[in-house]
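The values are calculated or read from the model by the stated rules, or taken from the named source; none is laboratory data. It should be emphasised that the depicted structure is a prediction, and the values quoted were computed from it without experimental measurement. Here the Cβ positions follow ideal geometry from the backbone for every residue, glycine too, while neighbour counts run over all protein chains shown. Keep in mind that these areas ignore ligands, DNA and RNA; they rest on the heavy atoms of the full protein, side chains included. Shrake-Rupley method; radii C 1.70, N 1.55, O 1.52, S 1.80 Å.
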Amino acid sequence: SWAERWPEPRSDRMPGDGWTAAAALDDLPIGKGVRVTVGNDIVLLVRSDERVFAIGNRCTHQGAPLDRGPVKVSGSLATVTCPAHGSVFGLDDGRVLRGPATHAVEGFDTRVVDATVEVRPRT
């Protein structure tokens, strides 16, 4: 399976309000997906010039790692394309923009505190 071939790096849990430190901002190249594990979630982080996006990293079609797919962050719509079968997901919220996937991936809120990207599941 994909998960066995590409183990996930771990992040540190932050106490309190549900935010978790996921990565140093400087470790995120602009326009490239980076996978991290936040609690029990495998998360795709993508940095653009203006913000950091975070969605679930596993395609809902067959579980391929989205961090291995092409990312588009220029223009009005930021997307990632699954490297296995071409499903396209919106980086804003994880919704499916093109199949074969039919279910969205989870979306996460992001913020940057002291040059550290923090994420939390959307409620």
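Taking Val105 and the conditions (1) in a loop (DSSP other than H, G, I, E, B); (2) β-branched (Val, Ile, Thr); (3) open to solvent by 30 Å² or more (accessible area, probe 1.4 Å), which numbered condition does it fall short on, given that it satisfies the others?
(3)
Condition test on Thr79, is it open to solvent by less than 60 Å² (accessible area, probe 1.4 Å), among the polar types (S, T, N, Q) and in contact (Cβ under 8 Å) with a residue 40 or more places away in the chain?
Values: open to solvent by less than 60 Å² (accessible area, probe 1.4 Å): yes; among the polar types (S, T, N, Q): yes; in contact (Cβ under 8 Å) with a residue 40 or more places away in the chain: no.
Here the answer is no, as Thr79 does not meet what is asked.
Restrict the check to the range 58-76 and report whether at least one residue is at pLDDT 95 or above and among the polar types (S, T, N, Q).
yes
Could you say whether any residue in the range 40-51 is basic (Lys, Arg) and more than 18 Å from Ala22 (Cβ to Cβ)?
Initial filter on the range 40-51 (basic (Lys, Arg)): 47, 51.
This time we only want the ones that are more than 18 Å from Ala22 (Cβ to Cβ), so: none.
There is no residue in the range 40-51 that is basic (Lys, Arg) and more than 18 Å from Ala22 (Cβ to Cβ).
Please go through the range 28-51 and pick out each residue that is within 17 Å of Gly75 (Cβ to Cβ), more than 8 Å from the chain's Cα centre (by Cα) and assigned to a strand (DSSP E or B).
Across the range 28-51, the qualifying residues are Ile30, Arg47.
Go through the range 33-74 and count every residue that is open to solvent by 10 Å² or more (accessible area, probe 1.4 Å), closer than 18 Å to Ala104 by Cβ and polar (S, T, N, Q).
2
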